[in-house]
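The values are calculated or read from the model by the stated rules, or taken from the named source; none is laboratory data. In this text the structure is predicted, and so the values were computed from the model without any measurement. In this analysis, Cβ positions are derived from the backbone assuming ideal geometry, glycine residues included, and neighbour counts consider all displayed protein chains.
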Amino acid sequence: MTNTSETRRARAFDIRLVIALLTGVYGVVLTVMGVGFTTDEDIAKAADININLWTGIGMLIFTGLFVLWARLRPVAVPAEEIERLEQQKKDD
């Protein structure tokens, strides 16, 4: 949907960006832990797979997809809803 006079973007309140932020931060933490702080003993416990590294990379990919989704398909608020909210503010 394009940004026309009939709709307005609600980018600040898009829950997809909040989810992307949270998973992105956690993904970075897991990736750093997997690269720098995982011992051979930890990897041996996890069937010779660096779980922190792979989970962190997966979460960063998930984050990138959510940000891409939010950019390509922004939330649009109908003009009628905007007018109703503005009228409600004036009445209060």
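Given the condition in contact with a helix residue (DSSP H, G or I) (Cβ under 6 Å, 6 or more places away or on another chain) and not aliphatic (A, V, I, L, M), answer yes or no: does some residue in the stretch 78-92 qualify? Within the stretch 78-92, none of the residues are in contact with a helix residue (DSSP H, G or I) (Cβ under 6 Å, 6 or more places away or on another chain) and not aliphatic (A, V, I, L, M). Among the residues of the stretch 72-92, the one identified as surrounded by 12 or more Cβ atoms within 10 Å (Cβ to Cβ) and among the charged types (D, E, K, R) is Glu81.
Checking each residue of the stretch 39-46 against the condition of being at pLDDT below 95, part of a loop (DSSP other than H, G, I, E, B) and among the hydroxyl-bearing types (Ser, Thr, Tyr) gives at least one match.
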